[in-house]
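Some notes on the structure that comes next.
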Amino acid sequence: MKQFAIIGLGNFGATVAAELTKLKCKVTAVDIDRGRVQGLPDRAHQAILADATDRAFLQQLGVSNYDCFVVSTGKDWHASVLITLHLKELGAARVIVKANSADHAKVLERVGATQAIIPEQQMARSLSHSLANPNLVDYLPLSGEYCVAELVPPAGFVGKQLLELQLRTKYHVQVIAVKDTRTAEYDFVPGGDYTIRATDVLIVLGRQADVEKLKV
């Protein structure tokens, strides 16, 4: 069973703890606020009231026991930076930190964060792309120019096989999965003989500019 430690139990941290617990992962949740810790009885295997900026506490926690740490300390820049620094010095394998801004993210990466994320920014990007492209269901930016997107197939795609559409040649995108909206089941890496249905959602990987060419 994978083990995770969530430090900071605001909306973001508490949600991560709850979802990881649902996914059958072992979760240790930590916060300096007693109310937040007591509010997580069903969202973690262990909830600890402690100040995670205290290096001695993190050392006692046993950093090497966890697959990943998720740090979310709200607006407290100093706390997130200090916790990240301590975790990396103590040998944490992976540290993902919620950042408040691009500058904050840069500082976190400099002190050792494996990944610094800005959830509001990522959500705004996803919403903007969905609004601009009528058939875009969901959008996940990757590094560089690439993204993964969920698309309702254009009317001209329905009833045709993937090989016939030549998406890699014409549009430079790869269909990595197809979701049937009726059953919520996925067909991963469908073959060229797969026939697209009106009830399908295509999950495609490619450059953002190329994915946008598939909009209705």
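The range 116-216 holds helices (runs of 4 or more DSSP H) entirely within its bounds, and those carrying 3 or more residues that are modelled with pLDDT under 90, on the phi < 0 side of the Ramachandran plot and surrounded by 13 or more Cβ atoms within 10 Å (Cβ to Cβ) map to 119-132, 208-212. Please verify whether residue 101 is closer than 14 Å to residue 6 by Cα, of a type in the set (S, T, N, Q) and either within 18 Å of the chain's Cα centre (by Cα) or surrounded by fewer than 18 Cβ atoms within 10 Å (Cβ to Cβ) (or both), treating the condition exactly as stated. The answer is no for residue 101. What number of residues within the range 28-43 satisfy the criterion of being under 25 Å from residue 100 (Cα atoms) and touching a helix residue (DSSP H, G or I) at 6+ places or on another chain (Cβ under 9 Å)? Qualifying residue count, the range 28-43: 9. On the stretch given as the range 15-54, residues that are surrounded by 12 or more Cβ atoms within 10 Å (Cβ to Cβ), at pLDDT below 85 and over 13 Å from residue 4 (Cα atoms) total 2.
Considering the range 1-25 alone, what residues qualify as being more than 18 Å from residue 60 (Cα to Cα) and either aromatic (Phe, Trp, Tyr) or in contact with a His (Cβ under 8 Å, 6 or more places away or on another chain) (or both)? Within the range 1-25, 12, 21 meet the criteria.
The values are calculated or read from the model by the stated rules, or taken from the named source; none is laboratory data. If you're wondering where the values come from, they're calculated on a predicted model, not measured in any experiment. Here the Cβ is made from the backbone with ideal geometry for all residues, glycine too, and neighbour counts use every protein chain on show.
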